[in-house]
1. Out of 32, 16, which single residue is farther than 18 Å from residue 193 by Cβ, at pLDDT 90 or above and within 15 Å of the chain's Cα centre (by Cα)?
2. From the residues in segment 122-153 that are touching a helix residue (DSSP H, G or I) at 6+ places or on another chain (Cβ under 9 Å) and not in a helix (DSSP H, G or I), which one is surrounded by the most Cβ atoms within 10 Å (Cβ to Cβ)?
3. Does residue 165 satisfy the condition of being farther than 30 Å from residue 34 by Cβ, buried (at least 20 other Cβ atoms within 10 Å of the Cβ) and in contact (Cβ under 8 Å) with a residue 40 or more places away in the chain?
4. If the requirement is being surrounded by fewer than 18 Cβ atoms within 10 Å (Cβ to Cβ), over 26 Å from residue 177 (Cβ atoms) and modelled with pLDDT of 90 or more, which of these qualifies: 55, 3?
5. Residue by residue through segment 113-127, note down the ones that are at pLDDT below 90 and either touching a strand residue (DSSP E or B) at 6+ places or on another chain (Cβ under 8 Å) or within 17 Å of residue 30 (Cα to Cα) (or both).
6. Surrounded by fewer than 16 Cβ atoms within 10 Å (Cβ to Cβ), touching a residue at least 60 places away in the same chain (Cβ under 8 Å) and assigned to a helix (DSSP H, G or I): which single residue out of 156, 171 fits that description?
7. If I ask for residues that are farther than 18 Å from residue 4 by Cβ and either in contact with a helix residue (DSSP H, G or I) (Cβ under 8 Å, 6 or more places away or on another chain) or in a helix (DSSP H, G or I) (or both), which ones from segment 194-211 would you list?
8. If residue 108 meets every condition in (1) closer than 22 Å to residue 40 by Cβ; (2) modelled with pLDDT under 95; (3) in contact with a helix residue (DSSP H, G or I) (Cβ under 8 Å, 6 or more places away or on another chain); (4) surrounded by fewer than 17 Cβ atoms within 10 Å (Cβ to Cβ) apart from one, which number is that one?
């Protein structure tokens, strides 16, 4: 299996730089210690979602009797929707209601580290679908271990980006963040189409047959 593709897909979907404005907005009324605690919890949430999805995702879809090609098509559609959101400079799995909910929780002093920062702003259905799809493609224990290890990459990347959120916002500005989010969306859209095509060919092999008669 090409182990680079799932990492690229994950970083494109999670896109912590695109979530920086939300992190700053939601934590602006917090003390430095509360902000650090939120940062750590959000990073841990990203790690857990990615790792658990790669470990248990296949078992869950098998329990419900869902075939991998069907899940791959569904996951590809989710990725494409996320990519379209990102092309509109929005976090992939986010709905306006999630942002409003996060703002209300932050104003009320409630924790926003897990919901909505960790899920769905950073990770959500598209992230979970990606991990399950690529977990099915692994053939050795080490390939699966690398896939689980990508959860560490996501957690560390989130921690580093959010730790420097203020500097990133000053350097890139909202325009720079939007451009990066759109670029990640474009990459994700291409990968989503590839997953969709692969799943559809598995479900309908006749689509792969070419007739020159």
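The values are calculated or read from the model by the stated rules, or taken from the named source; none is laboratory data. Treat the numbers as computed from the prediction; the structure is a model and nothing was measured. Methodologically, a virtual Cβ is constructed for each residue, glycine included, from the backbone with ideal geometry; neighbour enumeration extends over all protein chains shown.
1. Numbers: 32 fails: within 15 Å of the chain's Cα centre (by Cα).
Just one listed residue meets the conditions, 16.
2. 123
3. Values: farther than 30 Å from residue 34 by Cβ: no; buried (at least 20 other Cβ atoms within 10 Å of the Cβ): yes; in contact (Cβ under 8 Å) with a residue 40 or more places away in the chain: yes.
Against the criterion (farther than 30 Å from residue 34 by Cβ, buried (at least 20 other Cβ atoms within 10 Å of the Cβ) and in contact (Cβ under 8 Å) with a residue 40 or more places away in the chain), residue 165 does not qualify.
4. Numbers: 3 fails: modelled with pLDDT of 90 or more.
From the options 55, 3, the qualifying one is 55.
5. Scanning segment 113-127 gives 115, 116.
6. Numbers: 171 fails: touching a residue at least 60 places away in the same chain (Cβ under 8 Å).
Just a single option satisfies the conditions, and that option is 156.
7. At the first step, the residues of segment 194-211 found to be farther than 18 Å from residue 4 by Cβ are 196-197, 199-211.
Listed by number, the residues that qualify are 196, 197, 199, 200, 201, 202, 203, 205, 206, 207, 208.
8. Condition not satisfied by residue 108: (3).
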